[in-house]
There are 2 protein chains.
Amino acid sequence: MALSCPGSPLHTLRSGLAGRPVGLVGLGLIGGSIGLDLKDRGVPTVALAHRARTAERARQRGLADVVSTDPAVLGEAGLVVLCLPLDRLLVPTPQLLSALPRQALISDVGSVKGPVLAAWQAAWSGRFIGGHPMAGTTAAGVDAGRAGLFQGRPWALTMTETAASADLQLLEALISVLGARVIHCTAQDHDHAVALVSHLPVLVSAALLHAMAREQNQSIRHLAESLASSGFADTTRVGGGNPRLGTLMASHNRQALGQALGHYRESLDTLEGLVREERWDQLCAALQQTQALRQQIVGP
Amino acid sequence: MALSCPGSPLHTLRSGLAGRPVGLVGLGLIGGSIGLDLKDRGVPTVALAHRARTAERARQRGLADVVSTDPAVLGEAGLVVLCLPLDRLLVPTPQLLSALPRQALISDVGSVKGPVLAAWQAAWSGRFIGGHPMAGTTAAGVDAGRAGLFQGRPWALTMTETAASADLQLLEALISVLGARVIHCTAQDHDHAVALVSHLPVLVSAALLHAMAREQNQSIRHLAESLASSGFADTTRVGGGNPRLGTLMASHNRQALGQALGHYRESLDTLEGLVREERWDQLCAALQQTQALRQQIVGP
């Protein structure tokens, strides 16, 4: 068992769990990565898998101490993290609800928070605090999880008036143990913010791929495909991601995404106008702004 | 001296040079990287640097066998590659023109080809074949060059009716020795194609940064900045790049960029319409298309 000094996140997590394991529902990229990191820190874990084959592979990979397709595996958990696709979080099934132990604090990792919170407030009478780790999502499935995925990454926790401070501390400790940075916000603010930094980029990036496909001159289109290099690969990465996830995010965050698209259209109109009117000094000034903005947000 | 088997690109390059060195004008990212790779392959190089300080640092880094600020350094070169910023390629100065040896084949690495070709056809009576390596451009300056930069990357060569086949072979051999893939095209087709894969992405990506800055609610804007993760970083990379380079590319490829922006606007309109009208099946189908398109163009 790893050392945990009093006051450290690991110590707080262990104290809060009082000997109970962390439960994981789903062992894809997020669930598997949480499992690997907790194992490394000596925090006991139990995991519920949907399919026998997934459970078998998860055992081979050591994603949790105990992996089962039997909901009873979660029975002793003190904290359960629902690491499921967004659509399964939005419609909690009776099977899932009856598998969750009453004493446990429940959290999730869904990329839209308002609708998930509403669904769980309606369906679940126990303690629930929504979360969202901002970690890469291109890999999927039981082989996707990897140690250190959350290191240095933001992890949003959505604040509600009813959340107990001891529950918040427990989740904060878990997130810190995983190496992520806790960001507190309301579900509504979260959904507006991710519309800008996560959902809008998917459409902006997808439109770039479609724009190339719209080129009528086949030889130019083929030439463009041959010349595409790292810049094009980076700009189109999220637009070439999981179509189902992209659609779920758009459909469950439609209003905020619509506002973000409005901001985007104004910005593109401005830049296009500068090109059309050959106002090169102003275009250069605009690109200096974006260079500074990106350095401020993302770093060099 | 490295081995060069008959028929290999290195052998073709050496035969074509007939003992003369390759000349480099400019030792930034591209020039420095070419120099390091040619040194590694045992191909002699001479380089003209603009400033004494640059020349000194280039000598320390071993970017060419001989580095000087004296134009006479190029006197013996059989092939000279102009590795200069686009604006300096577009307006060849009398000093540069008089530094180039009459016997040498001249090439360049400018990211727009039509205007460069026109400028050199007007100013230079010797042999000139335009080129464009599609390699990363975030680093700049005499410390930016690195070995292997062109490995596996496309390198466009613009075809003209007057180019001699021996000259094309010499340049193709150089590009192959550097590990890049030769792509033949006309200057006009090149400029249309890079508008789609290189110049349009800069504006699309810059507009995403501006869209975030347009968010009026400060707390949401700050939250968005905190939650920005790898997807946002990738999508905004080229929009946060060198403002001067972005402006030069736009201003010297304005017409093709305007067409590409037209394609982009139609694509974004379509996606936005699907979101507004909540046609989720069609959005998912559109994102399946972009996922397949990207895999076809960029790979998995």
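Sorted shortest first, the separations between the B:E277 label point and its copies elsewhere in the assembly read 3.3 nm; each point sits 7 Å from Cα along the Cα-to-Cβ line. Of the two radii for chain B, the radius of gyration is 1.03 times the Kirkwood radius, both from the alpha carbons; that is the Rg over Rh value.
When both the range A:102-122 and the range A:8-43 are represented by their alpha-carbon centers, they are found 18 Å apart. In this assembly of identical copies, the label point of B:R53 (Cα plus 7 Å along Cα-to-Cβ) is separated from its counterparts by 6.3 nm, sorted shortest first.
For the set B:M159, B:M249, solvent exposure ranked by accessible area (probe 1.4 Å, protein chains only) runs largest to smallest as B:M159, B:M249. Sequence-distant contacts, meaning Cα pairs under 8 Å at least 6 residues apart, place the relative contact order of the range B:53-156 at 23 percent. What the phi angles of the range B:284-300 give under the Karplus curve with 6.51, -1.76 and 1.60, with θ = phi - 60°, is a coupling list of 4, 5, 5, 6, 5, 4, 5, 4, 5, 4, 5, 4, 5, 8, 9, x, x Hz, glycine and proline written as x. Between chain B and chain A, the total buried accessible area stands at approximately 8500 Å², from heavy atoms with a 1.4 Å probe.
Considering only alpha-carbon pairs that sit under 8 angstrom and 6 or more positions apart, the relative contact order computed for the range B:14-112 is 30 percent. When only Cα pairs below 8 angstrom with a gap of at least 6 residues are kept, the range B:117-188 shows a relative contact order of 35 percent. Note on A:V91: accessible area is roughly 100 Å² with a 1.4 Å probe, heavy atoms of protein only. The percentage of C-alpha pairs in the protein assembly as shown whose separation is greater than 44 Å is 32%. Per residue, the accessible area of the range B:46-134 comes to 41 Å², computed with a 1.4 Å probe over protein heavy atoms only. A convex hull fitted to the Cα coordinates of the range B:12-66 yields 69 cubic angstrom per residue. With label points defined 7 Å past Cα in the direction of Cβ, position A:D87 shows copy-to-copy spacings of 5.3 nm, given to one decimal and shortest first. Bridges between two residues of the protein assembly as shown, per DSSP, are antiparallel at a rate of about 10%.
Report the percentage of all Cα-Cα pairs in the range B:143-186 whose separation exceeds 13 Å, rounded to a whole percent.
Of the Cα pairs, 57 percent sit more than 13 Å apart.
So in chain B, what percent of DSSP beta bridges are antiparallel if you round to the nearest 5? Among the beta bridges of chain B, antiparallel pairing accounts for roughly 10 percent. Normalising by residue count, the range B:1-116 has a Cα convex hull of 105 Å³ per residue.
Find the all-direction average of the projected area of the Cα convex hull for the range B:103-214, expressing the result in square nanometres with one decimal place. Its average projected convex-hull area is 9.0 nm². Solvent exposure of A:L245, expressed as accessible area, is near 50 Å², computed with a probe of 1.4 Å over the protein chains only. Against chain B, whose longest principal axis is taken from its Cα atoms, helix B:200-213 shows a tilt of about 50°.
Principal axis extents of the C-alpha atoms in the range A:41-179 (largest first, rounded to whole Å): 41, 35, 28. Seen against the Cα atoms of chain B and their longest principal axis, helix B:218-227 is set at about 60 degrees. Volume per residue of the convex hull around the Cα atoms, evaluated for the range A:72-111, comes out as 64 Å³. Element breakdown for the protein assembly as shown at a 1.4 angstrom probe: carbon and sulfur atoms account for 51% of the accessible area.
Chain B holds its axis-closest Cβ, relative to the rotation onto A, at the residue and whole-Å distance B:D234, 2.
The convex hull around the C-alpha trace of the range A:193-300, projected and averaged over every direction, spans 8.4 square nanometres. Would you kindly calculate the translational diffusion coefficient of the range A:199-260, applying Stokes-Einstein with the Kirkwood radius from alpha carbon pairs, for 4 °C and a viscosity of 1.567 mPa s, and quote it in µm² s⁻¹ without decimals? D, rounded to a whole number, is 102 µm²/s.
Summary: within chain B, the longest segment free of trypsin sites (Lys or Arg not before Pro) located in DSSP loops with at most 11 other C-beta atoms within 10 Å is B:103-300. Put the Cα centre of the range A:231-300 next to the Cα centre of the range B:141-180 and the gap is 33 Å.
Remark on the range A:255-286: accessible area falls by at least 50 square angstrom from chain-alone to full-complex state for A:L261, A:H263, A:Y264, A:R265, A:S267, A:L268, A:L271, A:E272, A:V275, A:W280, probe 1.4 angstrom.
The values are calculated or read from the model by the stated rules, or taken from the named source; none is laboratory data. Please read all numbers here as calculations on a predicted model, not as lab measurements. All Cβ positions, even for glycine, are placed from backbone atoms using ideal geometry, and neighbour counts span all protein chains on display. Each accessible area value is taken on the protein alone, full model and side chains, heavy atoms only, with ligands, DNA and RNA left out. Shrake-Rupley method; radii C 1.70, N 1.55, O 1.52, S 1.80 Å.
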